[in-house]
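Scroll down for the structure; my scribbles are underneath it.
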Amino acid sequence: MDSVVAALRTALSDSDGVVVRTDDAAVEASRTDKSGWVADGSPLAVVVARTVEHVQATLRTCSALGVPVVPRGAGTGLAGGANGTDGSVVLSVARMDRILEVSPEDELAVVEPGVLNGALNDAVAHHGLRFAPDPASAAIASVGGNIATNAGGLRCVKYGVTREAVLGLDVVLADGRLVSTGHRTVKGVTGLDLTSLMVGSEGTLGVIVGATVRLVPVPAGAPATLGAVFPTVHQAAAASAAIVAASADGAARPSTVELLDASSLGYIADHLGPSVVAETVGSGQEGGVFLLVEYDGPDATQDALGAVPRLQVEGGTVRLAGSAAERERLLTIRRSFHAAMAARGRVLIEDVAVPRSRLAEMFDRVEAIGREFDLPIPTCAHAGDGNLHPNFVFDGEVVPQKVWDAADALFRAAIELGGTLTGEHGVGVLKRHHLGDEVGADVLELQRGIRRVFDPKGILNPGKVS
């Protein structure tokens with residue numbers, strides 16, 4: 001340990017502050033993320049990089065010494081992908097948080113990886129632009145972390161996930177070389193698309209130190225928001241599929257379609273107060289299934305009204321927010337989901353996705369798994385794209401084994417229904433042992449082969465993803 005730390009301190013200049021940290025606070029904080037998983041053992045050090053040169057020097061040093069490196073951003077991950085493992089050096093890029101350029105004409109921004117989603121959107125708002133990816137953790141999540149996990153969010157049903165928002169990347173490879181991929185142009189097919197390969201690679205191919213990201217215009221006018229309550233999750237799932245599919249027949253595509261099952265709505269009623277939920281979603285409906293639908297653009301209200309009959313035909317009791325305050329109350333129901341879970345104890349937030357046509361079946365499987373393991377599993381979903389977040393609430397600091405077992409059953413169910421282990425959180429550690437079940441042995445070996453090309457010594461995030 002001492003020799004590695006000494007080598008890092010020699011390679012890195014501490015003139016602008018402490019770069020190499022070995023104190024207990026920094027080391028312990030790097031071992032966990034928002035998933036609840038804590039890595040075994042302790043990292044040797046945490047490098048707090050502030051420049052590209054810091055990242056290069058760290059990787060050159062660790063490559064020469066054969067020391068594993070765990071790239072880390074804001075630490076808001078939900079799959080254990082950036083947790084500092086025993087004997088590793090954690091390379092934090094959270095302090096690389098400058099917005100280097102905003103080009104309104106080209107609708108792009110050039111940023112360092114530690115820039116938070118909210119900070120980027122604040123910086124470009126006066127140009128009438130925004131960064132489309134909007135994970136629930138946008139206020140505390142970094143753009144680099146979005147890219148590393150190909151994050152999604154509430155608006156991706158209309159605007160896509162992070163991959164669609166990334167034009168180019170600056171990446172430091174395992175041996176310290178700096179490479180640039182992609183373009184500043186919307187179109188560009190020169191060579192293989194290494195930018196897309198890097199998106200979602202979770203720090204296993206290189207360390208992202210810069211990104212050229214696409215910005216999109218903020219839609220004109222106020223959004224129009226619908227709150228609908230259904231007797232069953234099957235009806236709510238059918239309604240969400242119907243309003244998204246209607247865009248193929250000329251109807252507007254909603255920007256947000258969020259579903260809260262009955263268990264979730266019950267937890268939220270306990271958290272906010274039953275009367276608050278009843279008054280917001282409809283008197284006496286707090287035990288139902290809640291669907292939040294939003295349209296944006298100049299015709300948002302007309303588009304929302306056009307969706308009402310499709311929701312009603314599936315059994316929904318629908319209300320259109322008549323004011324900004326009423327819209328905020330409807331949004332608060334959805335936004336309160338995680339706070340309502342956290343009020344009950346520690347939370348493991350899972351992430352699976354299935355085709356929209358099988359969303360109701362996946363909810364059935366979640367309910368059955370809850371019965372099998374005698375666990376409540378309140379679940380919310382980005383229903384517009386079939387992405388479910390089953391939640392487990394437990395007591396104590398350690399996730400109980402039966403929760404892990406139930407989560408494993410969820411992963412298998414999603415794959416059986418033609419879905420995926422993770423829609424937006426990434427594989428990390430928590431889903432690594434199921435990866436072959438989804439992609440197959442041949443594809444898994446191809447992925448590992450690509451990883452060896454980028455990182456022949458295997459120092460980047462070992463034990464994660466593949």
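The values are calculated or read from the model by the stated rules, or taken from the named source; none is laboratory data. Since the structure is predicted, the reported quantities are computational estimates derived from the model, not experimental observations. Note that we place each Cβ from the backbone using ideal geometry, even for glycine, and neighbour counts take in every protein chain shown.
Within the range 390-406, identify whether any single residue is within 24 Å of T232 (Cβ to Cβ), more than 21 Å from the chain's Cα centre (by Cα) and not acidic (D, E), and answer yes or no.
Yes, some residue in the range 390-406 is within 24 Å of T232 (Cβ to Cβ), more than 21 Å from the chain's Cα centre (by Cα) and not acidic (D, E).
How many of the residues in the range 429-446 are under 26 Å from G36 (Cβ atoms) and part of a helix (DSSP H, G or I)?
Going through the range 429-446 one residue at a time, the tally reaches 8.
Would it be correct to say that G426 is closer than 19 Å to A148 by Cα, in contact with a helix residue (DSSP H, G or I) (Cβ under 6 Å, 6 or more places away or on another chain) and either in contact (Cβ under 8 Å) with a residue 60 or more places away in the chain or not in a helix (DSSP H, G or I) (or both)?
yes
Restrict the check to the range 62-83 and report whether at least one residue is over 22 Å from P135 (Cα atoms) and among the basic types (K, R).
No - not one qualifying residue is present in the range 62-83.
Quick check on my filter: what residues within the range 34-48 are under 21 Å from V115 (Cα atoms) and in contact with a Gly (Cβ under 9 Å, 6 or more places away or on another chain)?
K34, V46, V48
What about G176, is it more than 17 Å from G384 (Cβ to Cβ) and in contact with a helix residue (DSSP H, G or I) (Cβ under 6 Å, 6 or more places away or on another chain)?
So G176 fits the description; yes.
Would you point out the residue of the range 256-285, among those that are assigned to a loop (DSSP other than H, G, I, E, B) and within 17 Å of R335 (Cβ to Cβ), that is modelled with the lowest pLDDT?
If we take residues in the range 256-285 being assigned to a loop (DSSP other than H, G, I, E, B) and within 17 Å of R335 (Cβ to Cβ), then G273 is modelled with the lowest pLDDT.
Listed here are the residues, each with its yes/no results for (1) within 18 Å of I140 (Cβ to Cβ); (2) under 28 Å from the mean Cα position of the chain (by Cα).
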| residue | (1), (2) |
| --- | --- |
| R9 | no, no |
| V20 | no, no |
| R31 | no, yes |
| Q56 | no, yes |
| C62 | no, no |
| V70 | no, yes |
| A74 | yes, yes |
| A79 | yes, yes |
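Answer yes or no: is there a residue in the range 51-66 that is without any contact (Cβ under 8 Å) to a residue 60 or more places away in the chain and either assigned by TED's automatic domain parsing to the domain that holds G423 or in contact with a helix residue (DSSP H, G or I) (Cβ under 6 Å, 6 or more places away or on another chain) (or both).
Yes, because at least one residue in the range 51-66 is without any contact (Cβ under 8 Å) to a residue 60 or more places away in the chain and either assigned by TED's automatic domain parsing to the domain that holds G423 or in contact with a helix residue (DSSP H, G or I) (Cβ under 6 Å, 6 or more places away or on another chain) (or both).
Tell me which residues, restricted to the range 96-106, are surrounded by 17 or more Cβ atoms within 10 Å (Cβ to Cβ) and either among the charged types (D, E, K, R) or closer than 18 Å to V171 by Cβ (or both).
Scanning the range 96-106 gives M96, D97.
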